[in-house]
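Undergrad: Input: one structure, supplied below.
A short reminder: the numbers here are calculations on the coordinates, not readings from a lab. Worth saying up front: this structure is predicted, and the values here are computed from it rather than measured. For neighbour counting, all protein chains shown are included, and Cβ atoms are generated from backbone atoms with ideal geometry for every residue, glycine included.
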Amino acid sequence: MSSPNDTTVERRRFGRFDDEVSEIGFGCGGYWGFPVFSERAAETLLHTALDRGVNLLDTGPNYSGGNAEVRLGKFLRGRWDGMFVSTKVGTTLTDRGKIVKDWTVDGMRASLEKSLKRLGTDRVHLLQLHSPTLEVIRDDGAMGFLASLREKGTVGYLGLSSSGDVARAAIESGHFQSVMVTYNVGHHRESGDIIREAAGAGMAVLGKSPLAHALYDPSLYRVRSLSQVWYILRALKTSRRGLARARRYRFLNDIEGWTATSAALRFVLDNQNITAAIIGTTKLKHLIANLDVSGRPPLPEEVVRKLEEVAGGAGGGAGGGAG
């Protein structure tokens, strides 16, 4: 199934490098990867995204209780050509399902080996450190190990999902080719400098939580499915401040020619220092609506000004959360 206009998602260069990725990436995790969510529906979502030109797929070993990589690997059989797949190290699941951090070389090696097996491949295009500490970035042993993975061709690029001082240290280190940061209508001033610094260093920049959990959209709270309950509970857990401030952004529901979420996503894509925005959904109509944002004109200037005014008065961001 595809959108009536069959728009192909546009591509952007991956930092200073030759690879190009879709400016909208598909997040393979969350409720999408849980066994309770229909495997057929999950596969339809992924292949709809691929058919529309999405080639950037982001996942992790702890996503969806460890099932996201398994599901993605199964669905990608026969479709690896042209894909750009990212997974992570540093956050893993124990045999009992407990999330743990492990930044040892042996731990990262074991995590990657398991990820490659679950994905059914011998190489991933991007390996990201999942919320590392400053000590990890400054660990010569860890950095040397990661560099060896690139030299061997096991990974194409190295990146990290982080923020603040850790992200800045990673940019300055020269060890990484990409950084993933939270960036959305309610959380853009906080990460703006980091994005500019990373882009200035020739790094790719991936935007996580680009829709700010859609907390500003009243339809979010009209619960009609178990997945919607899960997303609301996740938003409550990771974005309590964002939930309280979301009403400031409800004017996004009143922009002529735009839905609130399409305007929010367009805001992210209008930043040319953003390589790609990573979205996640379990609703096919939401996926198609998001993909249709690619190639649309920039947001009206008055909307951007309003967003800046609201951000200035909000005293912080909405829609953070780890990714």
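Undergrad: If the limit is 27 Å between Cα atoms, which of 98/208; 74/237; 74/98; 101/208; 88/306; 208/237 go over it?
TA: Numbers: 98/208 24 Å; 74/237 30 Å; 74/98 24 Å; 101/208 20 Å; 88/306 36 Å; 208/237 17 Å.
The pairs that break the limit, which is 27 Å between Cα atoms, are 74/237; 88/306.
Undergrad: Now for a different question. Take the alpha carbon gyration tensor of segment 4-150, find the square roots of its eigenvalues, order them as a ≥ b ≥ c, and report rounded if a/c is under 1.5; if not, report prolate when a/b exceeds b/c, else oblate. List each step's numbers first, then the result.
TA: Working: a/c = 2.20, a/b = 1.34, b/c = 1.64.
Oblate, because a/c is 1.5 or more while a/b does not exceed b/c.
Undergrad: Can you tell me the orientation of helix 260-269 relative to the chain, as the angle in degrees between its alpha-carbon axis and the longest Cα principal axis, to the nearest 10?
TA: It is inclined by approximately 50 degrees.
Undergrad: Kindly provide the GluC sites (Glu not before Pro) of segment 244-308 that DSSP labels as loop, not H, G, I, E or B, and whose Cβ sees at most 15 other Cβ atoms within 10 Å.
TA: On the way: sites: 256, 301, 302, 308; in loops: 256.
Within segment 244-308, the qualifying GluC sites (Glu not before Pro) (loop, at most 15 other Cβ atoms within 10 Å) are 256.
Undergrad: List the trypsin sites (Lys or Arg not before Pro) within segment 75-177 that fall in a DSSP loop (any state other than H, G, I, E or B) and whose Cβ has at most 16 other Cβ atoms within 10 Å.
TA: On the way: sites: 77, 79, 88, 96, 98, 101, 109, 114, 117, 118, 123, 138, 150, 152, 168; in loops: 77, 79, 96, 98, 123, 138.
Listed in order of number, the matching sites are 77, 79, 96, 98, 123, 138.
Undergrad: Separation between the residue 173 and residue 224 pseudo-spin-labels, each 7 Å from Cα along Cα→Cβ, expressed in nm?
TA: 4.5 nm
Undergrad: Roughly what would the spin-label model give for residue 109 and residue 150, points 7 Å off Cα along C-beta, in nm?
TA: Distance between the two pseudo-spin positions: 2.0 nm.
Undergrad: On C-alpha positions alone, give me the angle between the axis of helix 226-238 and the longest principal axis of the chain, in degrees, nearest 10.
TA: The angle comes out at about 80 degrees.
Undergrad: Now for a different question. Can you tell me what share of the DSSP beta bridges in segment 8-134 is antiparallel? A percent to the nearest 5 is fine.
TA: Details: 6 of 15 bridges.
For segment 8-134, the DSSP antiparallel bridge percentage is about 40.
Undergrad: As a footprinting exposure proxy, order 8, 182, 87 by other Cβ within 10 Å, with the fewest listed first.
TA: On the way: 8 14, 182 25, 87 28.
With the fewest neighbours first, 8, 182, 87 line up as 8, 182, 87.
Undergrad: I've got another one for you. If the viscosity is 0.890 mPa s and the temperature 25 °C, what translational diffusion coefficient in µm²/s does Stokes-Einstein give for the chain when Rh comes from Kirkwood over Cα pairs?
TA: Values: Rh = 19.8 Å.
Here the translational diffusion coefficient equals 124 µm²/s.
Undergrad: Please work out the Cα convex hull volume for segment 160-311 and give it in Å³ per residue. Provide the component values of the computation, followed by the final result.
TA: Values: hull volume 18.0 nm³, N = 152.
With only Cα atoms used, segment 160-311 gives 118 Å³ per residue.
Undergrad: Now a separate question. Report D for segment 160-242 in µm² per second (integer): Stokes-Einstein, Kirkwood Rh on Cα pairs, 25 °C, 0.890 mPa s. Mind dumping the intermediate values first?
TA: Values: Rh = 14.1 Å.
Result for D is 174 µm²/s.
Undergrad: May I ask you to work out the translational diffusion coefficient for segment 11-63 at 4 °C, viscosity 1.567 mPa s, via Stokes-Einstein with Rh from the Kirkwood sum over Cα pairs, reported in whole µm²/s? Could the numbers behind the result be given before it?
TA: On the way: Rh = 12.2 Å.
Answer from the Stokes-Einstein relation: 106 µm²/s.
Undergrad: Helix-derived [θ] at 222 nm for the chain: sum -39500 (n - 2.57) over DSSP H runs of at least 4, divide by residue count, nearest 500? Write out the running numbers ahead of the final one.
TA: Details: 12 runs with 126 residues, N = 323.
Computed mean residue ellipticity for the chain: -11500 deg cm²/dmol.
Undergrad: Can you tell me the FRET efficiency between residue 138 and residue 95 if r is taken as the Cβ-Cβ distance and R0 is 51 Å, rounded to the nearest 0.05? Provide the component values of the computation, followed by the final result.
TA: Numbers: r = 31 Å, r/R0 = 0.61.
The pair residue 138/residue 95 has a calculated efficiency of 0.95.
Undergrad: Can you give me the angle between helix 301-314 and the longest principal axis of the chain, using Cα atoms only, in degrees from 0 to 90, rounded to the nearest 10?
TA: Taking the Cα atoms of the chain, the angle to 301-314 is about 70 degrees.
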